[in-house]
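Below: one structure, written as structure tokens.
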Amino acid sequence: MAKRSSGKHKKAGADQCDSSDADSVSSSSTAFSDLTLAQETDNVDSQEFTLEKYLDALYEKRGSTRENALTGLVSAFEGNVLLDFIENRCITLLDQYLNSIKRGSAKEARLAARAIGLLALTVGTGSNAHEIMEESIPTLSRVLISGPDVVRTSVLDCLAVVTFIGSNNWEETETTMKLMWGIIHPKSLSKAGTMTKPSSVVLVAALSAWSFLLTTLTGWRVDFGTWTEMLSFLCNLLEKGDRAVRIASGEAIAVIFEIVVAGKLSSVTNDLESSDDKPSKPKWFVYLLSLKEKIISLVSDLSVEAGGKGIDKKSLNAQRDTFQKIYDFLKEGEHPMTSLKISKKQGVLTTSTWTKLIQLNFLKHFLGSGFLKHAQENELLCSIFDLTPSAECNLSASQKRIFRSSGDRERTQGLNKDRQMAQLRKGALVFSAEDQWIH
């Protein structure tokens, strides 16, 4: 009938608990690790099963079914680096994506174009990436000429990504860039009427994609006349285009000056200064300097453009900020400095050139909310931005599970050790207090 046990019994019970504490915690740790591993295995298996269902759905005749499948695949590839899933399915996925572009609605074609770009980003450089580029460009080119704007913008993004990753040489990249320039400046095409004047949204997408590919250029590879024509046309867009077009044009101009013009002007200037007989300046050199001064004047005005009633302040501030950076670069030679925190382990991604800034902005735009995940685990992005890949970067799904499981065990063992030390300290304090009471 006793409702409480004696202190002796309590102490015995406590001693018994203390003596088995390490064993019980250890067994709990093992059980926890096994449970975590099982849950992660289930999650991976569940994800792969879902992705397989999406792939199967791409063969369906109903367009809405294929659209839903593409939406699921795009979301999955945005938020994860699915190397295991594409290992034996890369070309199968590509074929179905291209079929969706050929036979699907505008929504389906837009999703499929985006899915191709994400597939290329996941594959990374190599033979598969080159095959994706070669197989995609013919279909994408046809849609780019005649498709609706919402599809053309997605196709331009896709073309930029697959060429950036899959191109083996400058000639291949230049072919895609010429296609994009035909969108930007239709009158430059030899065949009149091949392209119509693009809408603002398509023009911005084409300028951004073209600039992104331009960042892969090394050295002066195109004749000077072509570059001056391009700069002159882009200069006109600074005067006539809307705000988004101006910003995209300004960024293209900055990349051209950084990669192409700066070195050429510098070499000629050095030759002129080192010559004893002071030769006359080449006509193209004089023209380029005058064009540069005109661009600097326009850029200066755009960096301080006044607002007004009904003006979109966010876009106006973006314009001012962009053109202030361009002005500082063209006038003072200052390069734009940017930083973006990736993770605690990988630290901060920094850029100090227009080339890297354009690459960063384009890939952030393309990957959206998935950019940080890819920056942490995608070997290609780590290489582009000189980031240290996470410890799991190149592991397969099964290897990742083992890696995470071992990490969980190490953390649990550390916690167990801390608990045991705390209990020992607690016991020492109790003994000390009792000893003082006896005395």
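Rule-based calculations on the coordinates, nothing more; no lab input. Note that the structure is a prediction, hence the values are computed from the model and not measured. No Cβ is skipped: glycine too gets one built from the backbone with ideal geometry, and neighbour counts run over all protein chains shown.
So here's what we get for this one:
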{"quantity": "Calculated P(r) of region 44-168 - Cα pairs past 24 Å, %", "calculated": "19"}
{"quantity": "Cα centroid separation - region 126-146 against region 330-376, whole Å", "calculated": "27"}
{"quantity": "Residues Cys158, Cys90, sorted so that the one with the fewest Cβ neighbours within 10 Å comes first", "calculated": "Cys90, Cys158"}
{"quantity": "Simple spin-label estimate for Lys197 and Ser146 in nanometres, 7 Å along Cα-Cβ", "calculated": "2.4"}
{"quantity": "Among Ser167, Ala76, Leu156 - extreme Cα towards positive end, dipole of region 44-168, charges at beta-carbon", "calculated": "Leu156"}
{"quantity": "Residue order, fewest to most beta carbons within 10 Å, for Tyr54, Tyr287, Tyr59", "calculated": "Tyr59, Tyr287, Tyr54"}
{"quantity": "Two-site FRET efficiency, Glu131 against Trp284, from Cβ-Cβ distance with R₀ of 41 Å, rounded to 0.05", "calculated": "0.50"}
{"quantity": "Residue exposure sequence - Val304, Val162, Val143 - by fewest surrounding Cβ within 10 Å", "calculated": "Val304, Val143, Val162"}
